[in-house]
Amino acid sequence: MTTKTIACRILDTLKIQYKLHEYDWDEEELDAVTVAAKVGIPPSQIFKTLVLRGDKTGVFMACIPGDKELDLKVSASVSGNKKVEMVPVKELQTLTGYIRGGVSPLGVKKKYPIYIEKSIQNLDPVSISAGKRGVQIFLNGMDLVRACEANLDSISR
């Protein structure tokens, strides 16, 4: 099994139970639906972490189910912005410490506001990136919300 990541250590500190799942990854197949198939869960239970920038509040993060798309208008509204846009891939590592396909909502370099799709409330387990390509964390949905100190909103469609 893989070495524990920063995200794992945060969950350990909070005494939140989780399981790690490793999978073979490919640079061309980092999308959430493919990862869900590789780790054996429905895409609705794998939560992808997106990094955005708002015109008023700056950088924030969103976690949505793998089979959904982020609603940018709603995300702007709930985050206190008029407009939001995805952060370019080349900025991900500088802002979060993570690379594309390995962005976790836990253990980010700087604590950004985070918004999680409220459908997570009744899901157990959900899966998020462990902060490293090829490793997913499985945990209870509300435990993730607690660990991230996240806001719950309907931000996907």
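Residues 24, 71 in ascending order of nearby Cβ atoms (within 10 Å, fewest first): 24, 71.
Sorted ascending by nearby beta carbons within 10 Å, beginning with the fewest, 64, 46 become 64, 46. Sorting the Cα pairs of the chain by distance into bins of 5 Å, from 0 upward, gives 2, 10, 21, 24, 23, 15, 5, 1, 0 percent per bin. Each Cα pair under 8 Å and six or more residues apart adds its sequence gap; the mean of these over the residue count of the chain is a relative contact order of 28 percent. Across the stretch 1-80, C-alpha contacts under 8 Å between residues 6 or more apart give a mean separation that, scaled by the residue count, equals a relative contact order of 20 percent.
Here the 3J(HN,Hα) profile of the stretch 120-131, calculated from phi with Karplus coefficients 6.51, -1.76 and 1.60 at θ = phi - 60°, is 5, 3, 10, 9, 7, x, 10, 10, 10, 5, 7, x Hz, Gly and Pro shown as x.
Ranking of 95, 52, 144 by neighbouring Cβ atoms within 10 Å, starting from the fewest: 95, 52, 144. So, in nm, how far is label residue 72 from label residue 152 when the simple model puts each one 7 Å beyond its Cα toward the Cβ? Result: 2.8 nm between the two label points. Each stretch of four or more DSSP H residues adds -39500 (n - 2.57); spread over every residue of the chain, this sum gives -6500 deg cm²/dmol at 222 nm.
Every number here is computed from the coordinates shown, using simple stated rules; none is lab data. Owing to the predicted nature of the structure, the values given are computational and were not obtained by experimental measurement. Heads up, the Cβs are rebuilt from the backbone with ideal geometry, glycines too, and the neighbour counts pull from every protein chain shown.
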